[in-house]
1. Residues to consider are A:LEU73, A:LEU87, A:LEU47, A:LEU105; find the one that is part of a strand (DSSP E or B), closer than 30 Å to B:ARG111 by Cβ and touching a helix residue (DSSP H, G or I) at 6+ places or on another chain (Cβ under 7 Å).
2. For region A:97-105, check the following and say yes or no: at least one residue is within 14 Å of chain B (Cβ to nearest Cβ), surrounded by 14 or more Cβ atoms within 10 Å (Cβ to Cβ) and more than 11 Å from the chain's Cα centre (by Cα).
3. Is region A:24-35 home to any residue that is touching a Leu at 6+ places or on another chain (Cβ under 8 Å), assigned to a strand (DSSP E or B) and either within 20 Å of B:GLU59 (Cβ to Cβ) or away from chain B (no Cβ under 11 Å) (or both)?
4. If B:PHE39 satisfies all but one of (1) more than 27 Å from A:GLY102 (Cβ to Cβ); (2) surrounded by fewer than 16 Cβ atoms within 10 Å (Cβ to Cβ), what's the number of the condition it fails?
5. Evaluate the following for B:ALA72: is it at pLDDT below 95 and either part of a strand (DSSP E or B) or among the acidic types (Asp, Glu) (or both)?
6. Yes or no: region A:61-84 includes at least one residue that is at pLDDT below 95 and within 30 Å of B:TRP10 (Cβ to Cβ).
7. Got a number for residues in region B:41-56 being touching a strand residue (DSSP E or B) at 6+ places or on another chain (Cβ under 8 Å), under 19 Å from B:PHE106 (Cβ atoms) and not acidic (Asp, Glu)?
8. Applying the selection to region B:21-61, what residues are away from every other protein chain (no Cβ under 11 Å), assigned to a loop (DSSP other than H, G, I, E, B) and of a type outside the set (D, E, K, R)?
Amino acid sequence: RKEVEQDPGPFNVPEGATVAFNCTYSNSASQSFFWYRQDCRKEPKLLMSVYSSGNEDGRFTAQLNRASQYISLLIRDSKLSDSATYLCVMDTGRRALTFGSGTRLQVQP
Amino acid sequence: GAVVSQHPSWVICKSGTSVKIECRSLDFQATTMFWYRQFPKQSLMLMATSNEGSKATYEQGVEKDKFLINHASLTLSTLTVTSAHPEDSSFYICSARVTGVDGYTFGSGTRLTVV
């Protein structure tokens, strides 16, 4: 079983739509969680950290559920520029980050 | 903010040749650099962890004699793909943890194509 599982998508949504991604993880020792965004042929860039209390940054909301071992990302009012692959990432504190394979989002005009 | 400069951005080489990829930390010291590889439509997979002044730690299944890592200073880590073959064609990317910053800082990646 993969340490981090994500639906690969693609999610094709119209501009203005609200879209949600989920990610499940198997390592209960994971300490920190992040959502990264990766554009085609580019390096991943940190979108936001994820906390149990939930956190919001503009149109983006992230949530962590430790009991069920999943994290989520909600994007409201989707823009064309949101089209990218969204990576679910965790840090167990022992070594490098562990990445999910990503969920591809395509926002259409 | 903290930046990791990675070069080259892309390289095409012939089978059997070696390719060196450099990652430099700008404005901060990276005692540890992580090297990842990403095949198309797959996740980033950790290859090895380089530590300044000591031997790198390789992940299971990664050949240390093929992927040579050198971390001779606090600002420079290099990955050399030796005797490259077409199956080594991939996106290679380095990353460092920056104190006081959430997450990690990534280099811009190197797209290697072996023909």
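1. On inspection, the qualifying residue turns out to be A:LEU105.
2. The answer is yes, given that some residue of region A:97-105 is within 14 Å of chain B (Cβ to nearest Cβ), surrounded by 14 or more Cβ atoms within 10 Å (Cβ to Cβ) and more than 11 Å from the chain's Cα centre (by Cα).
3. Within region A:24-35, none of the residues are touching a Leu at 6+ places or on another chain (Cβ under 8 Å), assigned to a strand (DSSP E or B) and either within 20 Å of B:GLU59 (Cβ to Cβ) or away from chain B (no Cβ under 11 Å) (or both).
4. Every condition holds for B:PHE39 apart from (1).
5. Judged against the criteria, B:ALA72 is a match.
6. The answer is no, given that none of the residues of region A:61-84 is at pLDDT below 95 and within 30 Å of B:TRP10 (Cβ to Cβ).
7. Total meeting the criteria: 10.
8. Once the filter is applied, which keeps residues that are away from every other protein chain (no Cβ under 11 Å), assigned to a loop (DSSP other than H, G, I, E, B) and of a type outside the set (D, E, K, R), region B:21-61 yields B:PHE28, B:GLN29, B:ALA30, B:THR31, B:GLY53, B:SER54, B:ALA56, B:GLN60, B:GLY61.
The values are calculated or read from the model by the stated rules, or taken from the named source; none is laboratory data. If you're wondering where the values come from, they're calculated on a predicted model, not measured in any experiment. Cβ coordinates were reconstructed from backbone atoms using ideal geometry, including for glycine residues, and neighbour counts include every protein chain displayed.
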